[in-house]
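Take this structure first; my questions come after.
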Amino acid sequence: MINDPLVTIVTPTYNREDLLVDTIQSVLNQTYTNIEYIIVNDGSTDNTSEILKKYSHVATVINKDNSGQVDSINLGWKMAEGEIITYLSDDDLLLPNAIEELVKVMQTTNAVCVYPDSNLIGINDEIIKKSVCKKTIYKDLLIKQDCYIGPGALFLHDKAKKVGFWDCKIKMAPDREFIIRLLSEGKIHFHQKVLALYRQHPDSGVVKNVNEEAMGEYLYVADKLYALNLLDEREYKLCKAYSYLTITRACLINGDVRSAIKNIKLSRKESTEAFTVQVILRLIGSYMKNYVLKV
């Protein structure tokens, strides 16, 4: 890797005129200068197109019909010329020294992915929770599909291209499944310093997609990992069991107790190993916090 490799940042955006400028500015304010910035406007119907005209001299702006975040990121990454690639959602922020620090870490660790810690912020930039990211534990990522990688993750372009970019069939958390496949090419390094801000608000993808149908993608990922021989028979059943429990939590959050019970039964049918005290307490907590207290 050369001393100052080109880093390509892709921002997919859709109807985010209220937050987009802050996101773009956080990229333009980077202390690292060798950056290629690509912004993909995914068929926005608000004032996004007009906003992006102001940045056409400092970024490559692509306007296309609406087809979703995954298509937008894949399009940007296919165009990318950087040795290192990343993405930044249109409501998240990078701190000014993020790319500079992370490139140095990537060079010293020889990792295929380096990601920083993040603070969770609200719509008005208020800090909701500090340090929300965690070290990646391979088995937890593979079997439980637990992923605590936030904004600012850098990927080696050639390795990402080799395993394939994001799966267009996954809408809920395509980055998680992509990272699992990327692990076959090398290690992932967690840089334990807050260098990004991860925004949560009523219209964010994570909040909008907490439902039984969307969370069912966990089962699709389990099947795919098994087909790729990344899981043996026991691990596959355990992965499916955890997937059903994740769907159970979504049902409880939405107050759908009947569906929650159905998915608990399906989970136990796959593997009882998933029923740890920690998991049970988490399910109870979801029920108490998101259903009982609202009644």
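Leaving out ligands and nucleic acids, and using a 1.4 Å probe, what accessible area per residue does region 123-244 come to in Å²? Write down the numbers at each step before the final one.
Values: 6160 Å² over 122 residues.
On a per-residue basis, region 123-244 sits at 51 Å².
If the cut-off is 16 Å between C-alpha atoms, which aspartates and glutamates fall inside it for LYS130, apart from same-chain ones fewer than 8 positions away?
Straight-line reach from LYS130, under 16 Å: ASP92, ASP117.
Roughly how many whole Å is it from the C-alpha centroid of region 108-153 to that of region 48-73?
A separation of 26 Å, based on Cα centres.
Could you compute the FRET efficiency for LYS64 and GLN200, with r as their C-beta to C-beta distance and R0 at 22 Å, rounded to 0.05? Mind showing how you got there, number by number?
On the way: r = 27 Å, r/R0 = 1.23.
It comes to 0.25.
Right, another one. On a 18 Å Cα-Cα criterion, which of the cross-link pairs LYS161/LYS187; LYS161/LYS193; LYS144/LYS224; LYS78/LYS193; LYS240/LYS269; LYS129/LYS193 come out too long? Write down the numbers at each step before the final one.
Working: LYS161/LYS187 16 Å; LYS161/LYS193 27 Å; LYS144/LYS224 14 Å; LYS78/LYS193 30 Å; LYS240/LYS269 10 Å; LYS129/LYS193 14 Å.
Checking Cα-Cα distances, LYS161/LYS193; LYS78/LYS193 exceed 18 Å.
Which of the three applies to region 133-254, rounded, prolate or oblate, going by the alpha-carbon gyration tensor with a ≥ b ≥ c and a/c under 1.5 meaning rounded? If you can, show how the numbers build up before the last one.
Values: a/c = 1.63, a/b = 1.06, b/c = 1.54.
Taking the square roots of the gyration eigenvalues as a ≥ b ≥ c, region 133-254 is oblate.
Something else now. According to the square roots a ≥ b ≥ c of the eigenvalues of the Cα gyration tensor, what is the shape class of region 208-270, taking rounded for a/c under 1.5, prolate for a/b larger than b/c otherwise, and oblate for the remainder? Write out the running numbers ahead of the final one.
Values: a/c = 3.74, a/b = 1.73, b/c = 2.17.
It is oblate, given that a/c is not under 1.5 and a/b is not larger than b/c.
Which residues' amide hydrogens lie under 5 Å from the amide hydrogen of ILE39, considering only partners 5 or more residues apart or on another chain, with H built in the peptide plane?
THR11, THR60, VAL61, ILE62
If amide hydrogens are placed 1.01 Å from N in the peptide plane, which non-local residues have theirs closer than 5 Å to the one on ILE121?
Counting only residues 5 or more places away or on other chains, the set is ILE128, TYR198, ARG199, GLN200.
In debye, nearest 20: dipole of the chain around its Cα centre with unit charges on the Cβ of K, R (+) and D, E (-)?
On the way: 36 positive and 38 negative charges, 269 e Å.
Dipole magnitude for the chain comes out near 1300 debye.
Using the basic label-point model (7 angstrom from Cα toward the beta carbon), what is the VAL132 to LYS54 distance in nanometres?
Those two pseudo-labels are separated by 2.7 nm.
Another one. If the cut-off is 14 Å between C-alpha atoms, which aspartates and glutamates fall inside it for LYS104, apart from same-chain ones fewer than 8 positions away?
ASP4, GLU83
Could you please state how large a percent of the accessible area of the chain is carbon and sulfur, counting protein chains only and using a 1.4 Å probe?
On the way: 7380 of 14340 Å².
Here it works out to 51 percent.
Please get the size of the charge dipole for region 6-161, origin at its Cα centre, with Cβ charges of +1 on Lys and Arg and -1 on Asp and Glu, quoted in debye to the nearest 20.
Numbers: 14 positive and 22 negative charges, 122 e Å.
Here the size comes out at about 580 debye.
Treating the Cα atoms of region 69-159 as identical point scatterers in vacuum, please give the log10 of the normalised Debye intensity I(q)/I(0) at q = 0.11, 0.17, 0.24 Å⁻¹, two decimals.
-0.36, -0.89, -1.39
Quick one: grab the alpha carbon gyration tensor of region 22-133, order the square roots of its eigenvalues as a ≥ b ≥ c, and give me rounded if a/c is under 1.5, else prolate or oblate depending on whether a/b is larger than b/c.
oblate
OK, next. Quick one: compute the contact order of the chain, relative version, from alpha carbon pairs under 8 angstrom and 6+ residues apart, as a percent.
Working: 529 pairs, mean separation 47.5, N = 295.
The normalised contact order for the chain reaches 16 percent.
Of VAL105, THR246, ASN66, which is farthest towards the positive pole of the chain's charge dipole, taken about the Cα centre with +1 and -1 on the beta-carbons of Lys, Arg and Asp, Glu respectively?
THR246
For the pair GLU233/ASN3, report the inter-label distance in nm, with labels modelled 7 Å from Cα in the Cβ direction.
Inter-label distance under the simple model: 5.7 nm.
The values are calculated or read from the model by the stated rules, or taken from the named source; none is laboratory data. Predicted model only: the values in this text are computed from it and were never measured. For neighbour counting, all protein chains shown are included, and Cβ atoms are generated from backbone atoms with ideal geometry for every residue, glycine included. The accessibility values were calculated without ligands, DNA or RNA, using every heavy atom of the protein model including side chains. Shrake-Rupley method; radii C 1.70, N 1.55, O 1.52, S 1.80 Å.
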